[in-house]
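*Asks:* Below you'll find the structure I mean.
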Amino acid sequence: MSTPAILVDNVTVHYGEVLALDAASLTLDPARICGLVGMNGSGKSTLFKAIMGMIKPDAGTVRINGQSPGRARREGGIGYVPQSEDVDWQFPLSVRDVVMMGRYGHQGFTRRASKADRAAVDEALDRVELGEYAGRQIGQLSGGQKKRAFVARGIAQGATTMLLDEPFAGVDKRSEATITRLLRELASDGCTILISTHDLHALPQLCDEAVLLMHRVLMHGPPEQVLQPENLAMAFGLDVLNRDLPDQDVHARKERTA
Amino acid sequence: MELLLEPLSYDFMVRAIVTTALAAVVCAVLSCWLVLIGWSLMGDAVSHAVLPGVVLAYIVGAPFALGALVFALVAVTLIGVVRNTSRVKEDAAIGIVFSSLFALGLVLISVTPSQTDLNHIIFGNLLGVSIPDLIQVLVLGVVAFAILILKRRDLTLYAFDPTHAHAIGLSPRRLGALLLGLLALTSVVALQTVGVVLVVAMLIIPGATAYLLTDRFSRMLVIAPTISALCSVAGIYISYYLDTASGAMVVLTQGVVFGAVYLFSPRQGLIGTRLAKARRRKAAALAV
């Protein structure tokens, strides 16, 4: 049996009195893309934080490739693509500066860039097709390009596990397709990818598997199965049946209710 | 030329210029991070809250920097405690803690003999900088400056994306603490020159000015201290000839330069951007 890339075992997290994660368990094999689906406040961000070791769970354990989160972080294995609203897009940094931050874990005390670091950054920028925008201030990219810049940071870092928080929010269809292709390529190179999203349309093309989260893992399976309306209703409540669904599912539901 | 050289014939003017320029440079470098993280109010708080620490250090004969560091730590801890354990919001917590500590400092000054010395801490005493003062400012300033420059990339990462810092195994908490420690240290450096009340100006204005002039953080780190040093020297000269308060004149000069940049910066300025637009329109009209 191979070591799972991400193992979340019975993790419980409280914020004060509020229960954010309730004995959540999740096992993800290497080189898989997994979509994490759930409402706002269902514990998606908390699960990310637990995987990155930013919060200490009240109970349960997290292992990244068999290692503790702390060890995995120090080895540079965990890449993180933040939600757009968590980023200060006015920050005076160029795209290249941001991607270079992926190399900091590999650098010395003052984080001086070596030739190898610069080469890794150039390669990552080419990979996400942002080479010509390297000198731009990060806020001057389109929504999709911004996401790709942060994915490039993870590539330059050499991350084997990547966590993406709402990568399709504010991204147009074409960029969404580009990002999907890019992530599929990364996965075929062996990178394990966990994506939190409430964009259900993108899931089947993007993900190998999907997880329904509502404080606990309600379901973990192929995207098609997880996206069944009756399953979504468990995580989102019943009103989801009238919106946010891929078209064919809505039709299927109409036929059933008719 | 005569105008520039005359003040330099006085030793106290030379000391004033050296001390102020040095403090201005260190403060300006630090200010680049403060304005980007949104810690201006924190800068205000810490620079005021160190006062009781400095006074106590004076009373027991310890180095000012030590007292200042201790009280900066006390202030930050208290702010955090009030914010996290009550419904009071952060800006109110900051206001309560720093003004109370500042008041404590004033009370301590009023009951401490040899008041003249300590009153200088509040409004600064540029023209009365002694040799030991100068040495203290020099040592603390150089230490703070060196740490800021050596750790600039980590600090920028902390300011921009603390979650990524954590994800690659750095400690955002430690980086934040480092920045706060340097803030306390820098406050002590600037106390001598412009005084507690106006330190915050030196900790905010240069970074904000540079931010309006460039899209590169590395350039901010050059522009801010350059402008700040030039302003402080200019401010001292102006105060010499107009016979005004020197520390206040330094800050006023920085404020005026910020105002000019705010209006005329080619990319961010209120008027500068309009002029550029008009030029482009004219060029387009000519091209037709």
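The values are calculated or read from the model by the stated rules, or taken from the named source; none is laboratory data. All values reported here derive from a predicted model rather than from experimental measurement. Here Cβ is always computed from backbone atoms with ideal geometry, including for glycine, and neighbour counts include all displayed protein chains.
*Asks:* Being small (Gly, Ala, Ser) and at pLDDT below 95 is the filter here; which residues of region B:194-217 pass it?
*Replies:* Of everything in region B:194-217, those that are small (Gly, Ala, Ser) and at pLDDT below 95 turn out to be B:Gly195, B:Ala201.
*Asks:* May I pose another question? Condition first: free of Cβ contacts under 8 Å to residues at least 12 places away in the same chain and either within 12 Å of A:Leu36 (Cα to Cα) or under 12 Å from the mean Cα position of the chain (by Cα) (or both). Now tell me which residues in region A:171-219 satisfy that.
*Replies:* Listed by number, the list is empty, since nothing qualifies.
*Asks:* Tally time: how many residues in region B:92-127 are more than 22 Å from B:Phe64 (Cα to Cα) and exposed (fewer than 12 other Cβ atoms within 10 Å of the Cβ)?
*Replies:* Result for region B:92-127: 0.
*Asks:* Considering only helices (runs of 4 or more DSSP H) fully contained in region B:10-116, which possess at least 3 residues that are within 25 Å of B:Ile205 (Cβ to Cβ) and in contact (Cβ under 8 Å) with a residue 60 or more places away in the chain?
*Replies:* In region B:10-116, the matching helices (runs of 4 or more DSSP H) lie at B:11-37, B:40-49, B:64-85.
*Asks:* Also: Take the residues of region B:245-288 that are β-branched (Val, Ile, Thr) and at pLDDT 90 or above: which is surrounded by the fewest Cβ atoms within 10 Å (Cβ to Cβ)?
*Replies:* First, the residues of region B:245-288 that are β-branched (Val, Ile, Thr): B:250-251, B:253, B:256-257, B:261, B:271, B:273, B:288.
Checking which are at pLDDT 90 or above leaves us with B:250-251, B:253, B:256-257, B:261.
Working: B:Val250: 31, B:Val251: 23, B:Thr253: 23, B:Val256: 13, B:Val257: 18, B:Val261: 20.
Only one residue fits best here, namely B:Val256.
*Asks:* Please work out which one of (1) modelled with pLDDT of 90 or more; (2) buried (at least 22 other Cβ atoms within 10 Å of the Cβ) is the condition B:Ser187 fails and give its number.
*Replies:* For B:Ser187, the exception is condition (1).
*Asks:* A further question follows. Can you tell which of B:Val256, B:Val188, B:Val233 is farther than 21 Å from B:Pro7 by Cβ, in a helix (DSSP H, G or I) and either over 12 Å from the mean Cα position of the chain (by Cα) or more than 14 Å from chain A (Cβ to nearest Cβ) (or both)?
*Replies:* Answer to the check: B:Val188.
*Asks:* Quick one: in region A:52-61, which of the residues that are more than 10 Å from chain B (Cβ to nearest Cβ) and of a type outside the set (Lys, Arg) is nearest to the chain's Cα centre (by Cα)?
*Replies:* A:Ile55
*Asks:* Select from region A:1-25 the residues that are over 18 Å from the mean Cα position of the chain (by Cα) and small (Gly, Ala, Ser) and list them in ascending order.
*Replies:* A:Ser2, A:Gly16, A:Ala20, A:Ala23
*Asks:* Regarding region B:163-183, can at least one residue be identified that is of a type in the set (Val, Ile, Thr), without any contact (Cβ under 8 Å) to a residue 24 or more places away in the chain and within 9 Å of another protein chain (Cβ to nearest Cβ)?
*Replies:* So far as region B:163-183 goes, yes, one or more of its residues are of a type in the set (Val, Ile, Thr), without any contact (Cβ under 8 Å) to a residue 24 or more places away in the chain and within 9 Å of another protein chain (Cβ to nearest Cβ).
*Asks:* Inspect all residues belonging to region A:147-161 and state whether any of them is farther than 14 Å from A:Tyr80 by Cβ and either within 18 Å of the chain's Cα centre (by Cα) or surrounded by fewer than 23 Cβ atoms within 10 Å (Cβ to Cβ) (or both). Walk me through it before giving the result.
*Replies:* The first filter runs over region A:147-161 and keeps only residues farther than 14 Å from A:Tyr80 by Cβ, leaving A:148.
Filter once more, keeping what is either within 18 Å of the chain's Cα centre (by Cα) or surrounded by fewer than 23 Cβ atoms within 10 Å (Cβ to Cβ) (or both): A:148.
Yes, because at least one residue in region A:147-161 is farther than 14 Å from A:Tyr80 by Cβ and either within 18 Å of the chain's Cα centre (by Cα) or surrounded by fewer than 23 Cβ atoms within 10 Å (Cβ to Cβ) (or both).
*Asks:* I've got another one for you. Please tell me if B:Ala159 is touching a strand residue (DSSP E or B) at 6+ places or on another chain (Cβ under 6 Å) and either of a type in the set (Lys, Arg) or within 14 Å of chain A (Cβ to nearest Cβ) (or both).
*Replies:* The answer is no for B:Ala159.
*Asks:* What residue, among those in region B:150-161 that are touching a Leu at 6+ places or on another chain (Cβ under 8 Å) and either part of a helix (DSSP H, G or I) or modelled with pLDDT under 90 (or both), is surrounded by the fewest Cβ atoms within 10 Å (Cβ to Cβ)? Write out each step before concluding.
*Replies:* At the first step, the residues of region B:150-161 found to be touching a Leu at 6+ places or on another chain (Cβ under 8 Å) are B:151-152, B:154-160.
Subset that is either part of a helix (DSSP H, G or I) or modelled with pLDDT under 90 (or both): B:152, B:154-160.
Details: B:Arg152: 18, B:Asp154: 22, B:Leu155: 25, B:Thr156: 24, B:Leu157: 23, B:Tyr158: 24, B:Ala159: 24, B:Phe160: 22.
My answer is B:Arg152.
*Asks:* Give me the residue from region B:1-48 that is more than 12 Å from the chain's Cα centre (by Cα) and β-branched (Val, Ile, Thr) and, out of that set, farthest from B:Gly105 (Cα to Cα).
*Replies:* The selected residue is B:Val14.
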